[in-house]
Amino acid sequence: MTLIDRLYEYYLLMRMDRPIGTFLLLWPALWALWVAGAGRPQALVLAVFILGVFLMRSAGCVVNDLADRQFDPHVARTRERPIAAGRVSPREAVALFVVLCFAALALVLLLNRLTVLLSFVAVVLAASYPFMKRYTHLPQFYLGLAFGWSVPMAFAAQTGAVPAVAWVLMFANMFWAVAYDTMYAMVDREDDLAVGIKSTAILFGRYDRLMVGIMQALTLALLLVVGWTQALGPYYYAMLAVAAVLAVYQQALIRRREADKCLRAFLNNAWFGAAVFVGMVLHYLDSGAAAPV
């Protein structure tokens, strides 16, 4: 294998060809930065978080495939992943994971002490998440915490504190992650049952669509709380309405539990997160007012 071929396999291992995970991790971080910075986050903080999201999402994909290397060959959607197919060795994957984590740590060291301390929790969550599906049917909740941990980190980096609204945003993200990752797990439900992987899609069973709907409703409710406590204006609520319409569309897609449509519903969540962010941006551009964090 040439150097170019090997680098391409690393590219695939980090899912750089599939940016959906980066967007799902990025949107909550941007929500938090815009609220914490009243629409004007510090340039350094913004740059660190954008680059950090890319690095940590890549690291999470590497450790996920490393943890699932015994399962992935038996699942149709994952059997051609670089480790499962034998094109990248576990030792190479560990080395890549360490490099990505150290690069992310180097970035976060540019920020304040509280953010650095919170970053260690982020690494533990990212590294341990892939193993949760072996022991609990609730790994999607753990994923929500892992993805949502960027929210208190963003507030800490921007303001030096983690106010109550940060936790509201984090839990909004957690419920959102459970909704979209359950849709994703619905794609692999039969394969997961066969190999013994646990998920909320399996736990919820025939109530999967109902539970996804409840998680979507909780997400929107908590985002409404954020809007009320931060005195966000009509632009924000208009875009929340757009997000609600997207949630209804996702429900329509998963109605018959067809794998390709469940995957489309999962992917559509990139637009859900974007809609919420656009609402925040428009509010602060229009008002120029500081958020009462």
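Please treat every number below as a calculation from the coordinates, not as lab data. Small disclaimer: the values here were computed from a predicted structure and weren't measured. All Cβ positions, glycine included, derive from the backbone under ideal geometry; neighbour counts span all protein chains shown.
For segment 48-58, backbone phi angles converted through the Karplus equation (6.51, -1.76, 1.60; θ = phi - 60°) give residue-by-residue couplings of 4, 6, 5, 5, x, 4, 4, 5, 6, 5, 4 Hz, Gly and Pro being listed as x. Other residues with beta-carbon under 14 Å from the beta-carbon of VAL98 carry, at +1 per Lys or Arg and -1 per Asp or Glu, a net charge of 0. Converting phi to 3J(HN,Hα) with the Karplus coefficients 6.51, -1.76 and 1.60 and the offset θ = phi - 60°, segment 260-267 yields 5, 6, 5, 5, 5, 5, 4, 5 Hz in sequence order, with x at every glycine or proline. Computed extension gain for ALA164 through VAL225, at 0.36 nm per residue and net of the alpha carbon distance, reaches 20.8 nm. Per residue, the convex hull around the alpha carbon atoms of segment 225-293 comes to 75 Å³. The 3J(HN,Hα) values that the Karplus relation (6.51, -1.76, 1.60; θ = phi - 60°) gives for segment 144-161 are, in residue order, x, 5, 5, 6, x, 5, 5, 5, x, 4, 5, 5, 4, 5, 7, 10, x, 8 Hz. Gly and Pro appear as x. Computed over segment 1-136, relative contact order equals 27 percent, with contacts defined as Cα pairs under 8 Å that lie 6+ residues apart. Near the amide H of ALA38, within less than 5 Å, lie the amide hydrogens of ALA291, all on another chain or at least 5 residues away, with H placed in the peptide plane.
Tell me whether segment 128-235 comes out rounded, prolate or oblate; compute the Cα gyration tensor, take square roots of the eigenvalues as a ≥ b ≥ c, and use a/c under 1.5 as the rounded threshold. Show your work: numbers first, answer last.
On the way: a/c = 3.75, a/b = 1.76, b/c = 2.13.
Oblate shape, in that a/c is at least 1.5 and b/c is the bigger or equal ratio.
When Rg and the Kirkwood radius Rh are both evaluated on Cα atoms of the chain, their ratio Rg/Rh stands at 0.97. Here segment 150-165 and segment 13-92 have alpha carbon centers that stand 21 Å from each other. Annotation for segment 213-288 versus segment 119-141: alpha-carbon center distance of 25 Å. Contact order for the chain, expressed relative to its length and based on alpha carbon pairs under 8 Å spaced 6+ residues apart, stands at 22 percent.
Helical content alone sets the calculated 222 nm signal of the chain at -25000 deg cm²/dmol, taking -39,500 (n - 2.57) per DSSP H segment of four or more residues and averaging over every residue.
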